[in-house]
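Here is the structure we will look at.
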Amino acid sequence: MSTSPADVKLPQRSGTVSSSFTRRTSMSDDEAIPETDSSETTTLLLERLRAWKHMCGYLEDYFSATAKVQKSQSKDYEKILKAVNEPLKEGHHFSSSAGGVAGLFENIRNNTQGMVTMYMDGEKNLKSAVLPTLERLHKEIKNKSKELNSGASKGAKAVEKARGLTQKHIELLGQNSAVFDAAASSKIEQHHDPYLLKRGINYRLNNQVNEENNHRQDILAVQNSFQQFEAHVLQTVQGTLEQFNQHMGGQLERQRAMYAEILGTAQRIPPDFEWINFCVRNDAALVNPDSPPRSFSSITFPNMDHRSTQPLIEGSLERRSRAVIKGYSTGYYVVTPARYLHEFKDNDDFRRDPAPELSLYLPDCVVGAIDGVKFSVKGKDVSSGKIGNAFHTNTELSFKAHTPSDAEKWWSVIKEATRSSPVLAAAAPTLASPTAASPAGSTDPSGNVSGQALPPSYAEKETEHAQPAQATAASPVAASPVAASPTAGITRTASTASHYHTSPGGSAVEKS
């Protein structure tokens, strides 16, 4: 007796499934480079599609073999028909009417011919109605595999590529942080400044997280579609078996019982029975739909809080343009423990790669006297790399702070950076608390991850349409008083040399 599909008790995904996902998520979400394989779920689903494809192939072979047997039986019944095809010998001794012996053999011949036709029709029906349905289903499963392989697999490759770039820059930060600690007095190349490397990691790690979340959504969409697709596969198989039963059931009662039992067994399988059991067995590899996406704020990576990555002072300043007509323009400036003064459009690490607009190596610079809110620094821009730096000349840059107190803080920190070594500069207490950064823009960065193999060149200028955010000045912090110069700033004239000179260590010292 067949059992109704409603009577079958389906397995349920218990709480242990979600807890297993939660444990795996908590172990990997705080890591910059998770140890999980991004293509694990895709590989598992592709293997499952191959299993369904082979199942469909087994049914095709079964129906093909049955069709061959039908053809063979038709030929066997043709041999039987030949045994009674000839007229009866001495047939004239029998009546030719339908109710006589001749009519009996005519009935035998007609029924035997009917059996021949019946088996021929059986083979024809299997090849024209049952097998094409399974062949179409086989193609659907193959197309599903190609779709998954070409879509989700590309996403997995993009995730691995993004993780590789992040890993390279994390290793680069570790190397240069170690160099910073080991060689205190040596100069660190501008593009190896740990502060810049950390911000570069932020940019690439954010791109990596976006790739991971996008890939997760793609896999989750494919994974959720599998239940509906497998229900379609089972329903197609059930419909095919029903057709098969109709064609074969009329031949023999015994065959009818066997085929009905096959059909009943197939009909008792609920559409989602296999899928739910699959989820219970492979809960550790499938994506948990209840787990939250990764958050950038909870991720840590080595040396992210290293002292060489912490600015000595940062905030907004105004710098006079080299074109006198434009006057002063506001930018975001940072003095790093590596003794660089960097200029940025804003303090946003996510919207664009944080490449400096201007970089001055302070030990090679001369700092002018302070005049109220104004001060000047004379040096060479090293933000363009070795080739670009060869064409740069020393330029006197005029800065203007928001208040005289802020100007003293900036001037003192810059002055100290020209004298001290990187280690001393990083260890010395900051003369002023960093001014408040401008509000960051959207945290959804645009652009692709760079595929460069060498360390990133932060001299590339971003061509973004967004305007740089204005940085707001922080509340002033008490700093050591610095005597203001009686002159009203430093101008690029022949008298400039009378205001300051360069000490043997490379720092500027005012003349008396």
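The values are calculated or read from the model by the stated rules, or taken from the named source; none is laboratory data. The model shown is predicted, which means the values in this text are computed figures rather than measured ones. Every residue, glycine as well, gets a Cβ built from its backbone with ideal geometry; the counts of neighbours run over all protein chains shown. For the accessible areas, the whole protein counts, side chains as well, though only heavy atoms, and no ligand, DNA or RNA atoms are used. Shrake-Rupley method; radii C 1.70, N 1.55, O 1.52, S 1.80 Å.
Quick notes on this structure:
- Annotation note: of Leu196, Leu252, Leu241, the sole residue that is under 37 Å from the mean Cα position of the chain (by Cα) and not hydroxyl-bearing (Ser, Thr, Tyr) is Leu196.
- Among (1) polar (S, T, N, Q); (2) under 41 Å from the mean Cα position of the chain (by Cα); (3) open to solvent by 70 Å² or more (accessible area, probe 1.4 Å) - the single one Gln246 does not satisfy: (2)
- Taken across segment 188-199, residues that are out of contact with any helix residue (DSSP H, G or I) (no Cβ under 7 Å at 6 or more places or on another chain), under 30 Å from Arg48 (Cβ atoms), in contact (Cβ under 8 Å) with a residue 40 or more places away in the chain and surrounded by 18 or more Cβ atoms within 10 Å (Cβ to Cβ) do not occur at all.
- Candidates Arg50, Arg23, filtered to the one that is modelled with pLDDT of 90 or more, under 27 Å from the mean Cα position of the chain (by Cα), in a helix (DSSP H, G or I) and among the basic types (Lys, Arg): Arg50
- Exclusive hit being part of a helix (DSSP H, G or I), open to solvent by 10 Å² or more (accessible area, probe 1.4 Å) and of a type in the set (Asp, Glu), set Glu211, Glu230: Glu211
- Contact annotation: residue pairs with Cβ atoms under 9 Å, 6 or more positions apart or on different chains, pairing a residue in segment 154-165 that is under 7 Å from Gln208 (Cβ atoms) with a partner that is open to solvent by less than 80 Å² (accessible area, probe 1.4 Å) and among the polar types (S, T, N, Q), are Ala162/Asn207; Ala162/Gln208; Ala162/Asn210; Arg163/Ser38; Arg163/Gln208.
- The number of residues in segment 365-376 being open to solvent by 10 Å² or more (accessible area, probe 1.4 Å) and not in a strand (DSSP E or B) comes to 2.
- Residue satisfying all of: in segment 280-333; under 29 Å from Ala401 (Cα atoms), without any contact (Cβ under 8 Å) to a residue 12 or more places away in the chain and hydroxyl-bearing (Ser, Thr, Tyr); most open to solvent (accessible area, probe 1.4 Å) among these: Ser329
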